[in-house]
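Note sheet for the following structure.
Just so it is clear, none of the values below were taken in a lab; they were calculated from the coordinates. Note that the structure is predicted; figures quoted are calculated from it, not measured. As a convention, Cβ positions derive from the backbone with ideal geometry for all residues, glycine included, and neighbour counts pool all protein chains shown.
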2 protein chains.
Amino acid sequence: MEKIFSPRSVAFVGASNNLGKWGGIIFRNLLDGGYEGEIYPVNPKEETVQGLKAFRAVAEISGDIDLAIFTIPSAAVPAAIKECVRKKVPAGIVITAGFAELGGDGAREQEEMVRLARSGGMVLVGPNGQGISSPRAKLHPWMPVLKPEPGVIAVASQSGNVSTVVAEELADFGFGCSKAVSAGNCADLSWPDYLEYFRQDPETRVIVLYVEGVGDGPAFFKAAKAAALEKPVVIIKSGRTQAGAVAAASHTGVLAGSDQVFSAACRQAGLIRAETIEDAVIMAASFVKTPLPAGRKVGVITGGGGFGVIAADACLRLGLDVVKLSDETIGKLKAHLPPWWSPNNPVDMVAGIGYGGPRELIPILMDSGEVDGVILLGIGWIYSMLDSVTSKIDFRNPEDKTLLARLDHDLKYNEMLRDYFFQFKKPLLMTSTMARLAVRRGYPGLLKLVNDGIMLYPTIEDSIRAFGALAERGRFLQQEKNLQCSTHED
Amino acid sequence: MEKIFSPRSVAFVGASNNLGKWGGIIFRNLLDGGYEGEIYPVNPKEETVQGLKAFRAVAEISGDIDLAIFTIPSAAVPAAIKECVRKKVPAGIVITAGFAELGGDGAREQEEMVRLARSGGMVLVGPNGQGISSPRAKLHPWMPVLKPEPGVIAVASQSGNVSTVVAEELADFGFGCSKAVSAGNCADLSWPDYLEYFRQDPETRVIVLYVEGVGDGPAFFKAAKAAALEKPVVIIKSGRTQAGAVAAASHTGVLAGSDQVFSAACRQAGLIRAETIEDAVIMAASFVKTPLPAGRKVGVITGGGGFGVIAADACLRLGLDVVKLSDETIGKLKAHLPPWWSPNNPVDMVAGIGYGGPRELIPILMDSGEVDGVILLGIGWIYSMLDSVTSKIDFRNPEDKTLLARLDHDLKYNEMLRDYFFQFKKPLLMTSTMARLAVRRGYPGLLKLVNDGIMLYPTIEDSIRAFGALAERGRFLQQEKNLQCSTHED
C-alpha cells in the first residue's frame, strides 16, 4: 500500500483536458499539488493532456508505474486493469463509479475487476471514490482543490464528500493529514487493510473512519482493535437507521447492521464513535496533543455565569461529572476571586476585572486531585471584538497602539495557557467562539495555541464531547492494561 | 420601555476613563456606536470622561434624562436611583452585580432598589447584566465591542456572554438584531415585560430568549404564548440539570424547575426550545424568511452519497420523515439523472457532472405533493476550493479569467436557488460548509442568498434541526387555529 501514498510514478488513465470532467479536475489537482515523481496521462484521443505528452495506452508507457489512477467509464476499467497487470503495476485507484452500488451487473463487474487485479498482485482503492491525498508526497489526485498540510491524522472514508469536509475542517482548526483516502465501495482494499496500514504508518497518530458498512464484521473489529490499542480511532458510522441503511446500500452497495450492536462492539474494540462529521473532526484533533483524563470529573472555569450554567447542563447530559469541590480547594480559589463570587463548580469568575484569573485558578484545580481535567470557557473573545470594529485589521502588522497593547496582552495570556496545556498531565480544554477563524484570520494569540497542535473548541458542547472522547479512550486503555495484568498473573 | 431602546438622552452613572473597568468599556461602546442623543457621564472624581464634560451627580444634569445606566458599586446604586426618581428618569439599566445572586443582604438590597424605582415610576433592566444594544438607535451600551446591524431578531438573555454569542453568530450568518438586552437578575423588568414589548415591537419579527429561571411560571407562559401566537419565540433554557440549577442559582439567583415539565409547557405555549446557543441562533435565523412546512416529510437532494446517508440517519434521529417517493416522481427525477442513479430519497445526484441538477430536481420534488419541503446538501463548495488555493482572492475583483467564469456560474446558480427559495410555499433549506464564512469573506454566490435574508446551514444536522423547528411552529399555529375554529363553533 506504500505505492498508493508514496509512488515514484503515476499513470492517469482517463486524464482529460476537459476541466468539467472528473478526469480533468483530478488530473489538474495531481499536477497542481507539486508531486515530484513521473506523471503519465493516458488518453487515446489527445496528443497532450494539460501540457503533458499523452499516452494512447498504459502499455505504451516505457517507464515503471507504481500507481495507476482510473477515471474511464466502468465498462473500460477491466481491460485497463489487465494492461496494468501485464506491466506489473502494483497499485491502482479506481475512481470510476457504476459497480456494486448498482447491484446486479455492476456487482459482477466489480468482482471481475478485483479478480483480475488480485491475479496480478495489484491492489485497488475504490471503485466509486474520489481519490486520495498524501500531503508529504505532495500527491493530491482527488476531487477537491484542497491540499491538506502534512499532519498526523489519517482519514479513510466511504464518501468522497465526507473526506473533503473532514480535511477542510481539520485545516480550519490548524490540523493537517497524514493520508486521506476515499475508499468508495472497498471492493479490494477494505477496512482491515486501511486500519492495518495506518496502524503501522509512522506518520499517522490518529485515525478517522467514515463507514457505511464494515464488510466482514469480525475482520473489521479485529483490525480496528489492533489499531485502537496503538492509536486513537474515531469512527463515524452511518446507515444507522432504516432510511440511512437504504441510502447506504444505493451509495456504496454495503449492508448496514444493527446500530446498538455496532456501538457496543465499538466500545469493546476501543473505537470512539462520533455522531456527526464535525464531532469526529473535533475529537480526532483533540487526540493529537491532549493528555488523557483518568476519569470524567471535570472542573469548569468561566468568565461568564451563563456559559457555566450551560456547561453544567451539558456535562451531565453528555456524561461528565462537574464535581463538588472541597472546602480546601474553594478556599484557595476564593483568594483569587472577587468578594461576590459564589463558591461553586463551574468556577464563575463573575467578570471580576482586576482579580485573579485562569493563571491562578487552573493550577489550583489541576493540583487539587479533585478533577481529571479542566475546561476553560471563552478565550480569544478579543478577536471577535476587533474583528467587529474592522474587518481590515492585519494582525501581523497592527498600527494602532491600543490595539498593539491588547494584542500583546492576549499573546502573553495565551502563551501561559499553552504552557499550562503541556505542563499538567491532565487535559485543559479551551473554548473560543473564534476557534474556526483563528487560522484563516491569523489571530496571533490563538495561533500560539493552534500552532503547537492544541485544539480550540468552537462551542461549549464541543469541548465537553471531546473530554468525553478522551475519557473513553483512557477507559479503554486502562481496561486493556488491567486485562493484560490479570492474564499475566493467571 | 421604549425609553430603554430609543432614549433621547442617556446619563451614565459610573462612566470612567479607565478602559480596564466596566464603566470605561461600556461608556466607550456607547460613544463609539454613533448614538445621536445627549450623553451625560456622571463621575464625581473626574472633570471629563472620555472627552465629555463629567457631572458630579445626576441632580447636576440640567436637561431631561430618558435613560440612566449604572455601573457604580452595588452599595451606591440605591442612592443613585433615588436621585433619578427625583429627576423623573423613566428608565434605568443596572449593570452592577452583587444583588440577589449573592442571596441574603444582596437579595434584600435588590428588593429595596426595585421598590425605590417603582415608587418613582422608573423601570429597571438588570441588575447583574451587561447592558443592551439597540441598533436602529445606534445605541450600544454593553460590554462587547460588537455592534449588530439593524435586523428583525430580538434577543433577551439572562447571560451577557450568551447575548454576545447570539448576536455574533447571527452576524456571521448575515443577520442583525432589532434589540438585544442582557436581562441579568430580572429584578424589575422580567420575562413577561420583555415578551410583551417584543410582541408589540414592529421592528421585531423573531424572539430569542436565554432563560435560567422563568420567575412567575404562569405569567411567563401566558406572555410567551401571546408572543408565540404572533412571532416565533426560540428559547434556550439552562439550569436544566441538578448541576446546572445550582450554577444558575449562583449566577442570577433564580430557581430552575423540572426540565421535562418545562419542555411540555414550552410545546403548549408554542415556544421552540433549542438545546444549545448555536441551535437557537440557527433556528431564529431560519424563521426570518423560510415558509413553514405543513409537516415533517422531507425530500433530500445531495451531490454526494455520503451526505445523503448521514442526512437520512439524522432525519430519523431528529424526527423528520425521509419519505419514499412515488414511482411517478421517481420517473420524473430519472430524466435528469445519470443512468447509474439509484432511485431513492435522499436523491443522490451521484456527482453526475453534465446531467441535470437542482434546477430540475427541486421543482419536481416541491410540486410532487409528496414532501413538505426540500433540503439541498452542499452548495458553495467552490469557495472552499478557491479559498484553499489562495486566501488572498478578492472576490469582488478577481483577475483570473477561469476564476471569473467559475464565480459567474456559481452566481447564476445561487440566484436560481434564491428564486426557488421564494417561489415555493414550502421550505428549501440549503447547507454549505462555507456558510459561516459567506459574510466575512464576501463569497459572491452565497451572498445572493444571504443578502436576501436566507439562512445557510453549516452542517447537515443544523438544516434538519431547523426544518424540525419550522415544522414545530407550523404544528403549533395549526393547533391554535383548530382550537379557535372549534371554540368558535361552540
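Here are some notes:
- Cross-link reach list, lysines versus B:Lys222, counting only Cα pairs under 19 Å and skipping chain neighbours closer than eight places: B:Lys231, B:Lys237, B:Lys481
- Each label was represented as a point 7 Å from its Cα along the Cα-to-Cβ direction; for A:Leu52 and A:Leu483 these points are 4.6 nm apart.
- Extended-chain gain in nm, criterion 0.36 nm per residue less alpha-carbon gap, B:Lys425 and B:Leu318: 36.2 nm
- Simple Cβ-charge dipole of region B:99-177, Lys/Arg +1 and Asp/Glu -1, about Cα centre, in debye nearest 20: 360 debye
- FRET efficiency for A:Glu60 and B:Ser263, using Cβ-Cβ distance with R0 set to 51 Å, rounded to 0.05: 0.15
- Taking the C-alpha atoms only, the angle from helix A:191-200 to the longest principal axis of chain A is near 60 degrees.
- Simple label model, 7 Å out from Cα along Cβ direction - B:Arg359 to A:Asp32, nm: 2.4 nm
- Here the 3J(HN,Hα) profile of region A:425-437, calculated from phi with Karplus coefficients 6.51, -1.76 and 1.60 at θ = phi - 60°, is 8, 10, x, 10, 9, 10, 9, 8, 5, 9, 4, 6, 10 Hz, Gly and Pro shown as x.
- Using alpha-carbon coordinates, inclination of helix B:305-317 to the longest axis of chain B, degrees: 50 degrees
- A cut-off of 5 Å between modelled amide H atoms, ignoring neighbours fewer than 5 places along the same chain, links A:Arg8 with A:Asp66.
- Panel note: the C-alpha atoms of region A:1-128, placed on their principal axes, show extents of 40, 30, 24 Å (largest first).
- Region A:1-98: GluC sites (Glu not before Pro) in DSSP coil with no more than 15 other Cβ atoms inside 10 Å: A:Glu36, A:Glu47
- Rounded to the nearest 20 debye, the dipole magnitude of region B:291-473 is 280 debye, with +1 charges on Lys and Arg beta carbons, -1 on Asp and Glu beta carbons, and the Cα centre as origin.
- Using θ = phi - 60° and Karplus 6.51 cos²θ - 1.76 cosθ + 1.60, couplings along region B:262-275 (whole Hz; Gly, Pro as x): 4, 4, 5, 5, 4, 4, 4, 8, x, 7, 8, 8, 10, 7
- Peptide-level mean, for A:340-347, of C-beta atoms on other protein chains within 10 Å: 4
- Calculated [θ] (222 nm, deg cm²/dmol) that DSSP helices of n ≥ 4 give over chain A, each run adding -39,500 (n - 2.57): -14000 deg cm²/dmol
- Mean projection of the Cα convex hull over all viewing directions, computed for region B:86-147: 4.9 nm².
- Label-zone membership for region B:187-209, site B:Lys289, 7 angstrom Cα→C-beta point, backbone N under 15 Å: none
- Proxy reagent accessibility, fewest Cβ within 10 Å first, across B:Met1, A:Met416, B:Met283: A:Met416, B:Met1, B:Met283
- When only Cα pairs below 8 angstrom with a gap of at least 6 residues are kept, region B:291-473 shows a relative contact order of 29 percent.
- The amide H of B:Cys186, built 1.01 Å from its N in the peptide plane, has B:Gly126 as neighbours under 5 Å, considering only residues 5 or more places off or on other chains.
- Here the protein assembly as shown is treated as a Stokes sphere of Kirkwood radius computed over C-alpha pairs; at 4 °C and 1.567 mPa s its diffusion coefficient rounds to 43 µm²/s.
- On Cα atoms only, tilt of A:277-289 relative to the major axis of chain A in degrees: 70 degrees
- Taking a Cβ cut-off of under 11 Å around A:Gln110, the surrounding Lys, Arg, Asp and Glu residues balance to a net charge of -4, with basic ones at +1 and acidic ones at -1.
- With the charge dipole of the protein assembly as shown set up from +1 on Lys and Arg Cβ and -1 on Asp and Glu Cβ about the Cα centre, the Cα lying farthest toward the positive end among the listed residues B:His140, A:Met455, A:Val77 is that of B:His140.
- Placing unit charges on the Cβ atoms of the charged side chains and taking the dipole of chain B about its Cα centre, the candidate lying farthest along the positive direction among B:Val281, B:Phe476, B:Gly23 is B:Gly23.
- Within the protein assembly as shown, percent of DSSP bridges classed antiparallel, to nearest 5: 10 percent
- Under 5 Å between amide hydrogens, built in the peptide plane, is the criterion, and for A:Ile235 it picks out A:Leu209, A:Ile272, A:Arg273, A:Ala274 among residues at least 5 positions away or on other chains.
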